[in-house]
Amino acid sequence: CVAYHDVVQAVGPRVAALREAEAALVACKERLAEAQKKVKGVEQALTEGQGSSDASNNLRAEQVSTTAQVQRKLAQAQRVMTAVGASKGKWERDAVQLRLTIDRLYGDAALAGAFGAYFGAVRGDARAALLGTLSSFLFSRQILASPNPDPLASLCPPKLLEDWAEQGLPSARSFHEGAAILTVANRTPLILDPHGVGLAWLQEHEGGNNVKVEPAESRTLRATLTQAIEVGWSLIISGVSSPIDPTLLPAITRRASKRGASQYIQVGDKDLEFNPRFKLYLQTAAPLCFVPVPLQVECCIIDFQGTPAARKEELLELVMTQERPA
């Protein structure tokens, strides 16, 4: 009993101290958990603050970039406004010229139409005089036209003239005028071509449409014409000077009858279905007085003889072509 009492006396204070230490440990753990919670909150706030700072920096950079773009656009707009201000006088002059062009459009169109319809049979050197007479007539009727009208410019763009030059058409204006009239003619063209210039050019011009050339006296002319109408070829009847076969006149005068959606032309005793690609040209080396009167009435006569100046220019081009080094 004495020993047990001694043990209790020795161990009891230690057990009490242990319990106090355990209670102090629990309190310390609670304070530690609370401190860790506060630290976590501080770290979260710090992270959020860092994100807000990054977003603010990105927004600031975006605003700087937008400001720079606006300044560049403003500088461009100022340059444009400066250029517009400098061009104001030119634009005003262009507007005045456009109004004049519109006012003169009717007269210029009338001159171009008359040129294509009636000037073909006139020699190249007389066309300018006839054009001046027609311009005076329009002026007397108070129809405005350009002071120096140029029907050729109205009928043919420059690119078309370049194509004709590549096809072998001489560069003289009289040949350009003849070609322009030929391309806009509603009636079958009959070209007065004593030097063969028009015939050579036509063969190149219609080369893409399987062009055929048949003399007026050829025995195969009707067969070739029949095939050309049905298939859609281009046909040139050359050497027209004597009365032509009357059975060919419906094709020359383009007298077609319509049946349903198709058109038919009578050649002899046959009704031929007309192909829209078919084109017919007449050529003669003889003067106009030797051309049969029915053809003079029904065809669009085009003088391809050229003026003396045009012939001189053509010969000069030929010499230069022959003497040009390869």
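Worth a mention:
- With the largest listed first and rounded to whole Å, the semi-axes of the equivalent ellipsoid of segment 1-144 from the Cα gyration tensor are 116, 17, 10.
- Pairs of Cα atoms farther than 39 Å apart, the chain, %: 50 percent
- In the elastic network of the chain, a GNM with C-alpha springs shorter than 10 Å, the most mobile of GLY232, GLY208, GLY168 is GLY208.
- Between THR253 and ASN58, the distance separating the two model label sites (each 7 Å from Cα on the Cα→Cβ line) works out to 8.7 nm.
- Residues with amide H under 5 Å from that of LEU272, placed H, sequence gap 5 or more: ILE265, GLN266, VAL267
- Normalised by the number of residues in the chain, the mean separation of alpha-carbon contacts (under 8 Å, six or more apart) gives a relative contact order of 19 percent.
- Globularity index of segment 218-270, i.e. its alpha-carbon radius of gyration over 2.2 N^0.38 Å: 1.17
- Inter-label distance for TYR118 and ALA21, nm, one decimal - labels placed 7 Å from Cα along Cα-to-Cβ: 13.5 nm
- Structure-based [θ]222 nm, the chain - -39500 (n - 2.57) summed over DSSP H runs of at least 4, per residue, nearest 500: -21500 deg cm²/dmol
- Burial ranking of peptide ranges 286-294, 196-204 (average Cβ count within 10 Å, highest at the top): 196-204, 286-294
- Calculation over all alpha carbon pairs of segment 156-265 in 10 angstrom steps from 0 returns a P(r) of 12, 41, 33, 13, 1 percent.
- Point-to-point label distance, ALA95-VAL293, nm (Cα→Cβ direction, 7 Å offset): 6.1 nm
Any read-out appearing in this document is the output of simple, stated calculations on the displayed coordinates, not a laboratory observation. A quick note: this is a predicted structure, and the numbers were derived from the prediction, not measured. In this analysis, Cβ positions are derived from the backbone assuming ideal geometry, glycine residues included, and neighbour counts consider all displayed protein chains.
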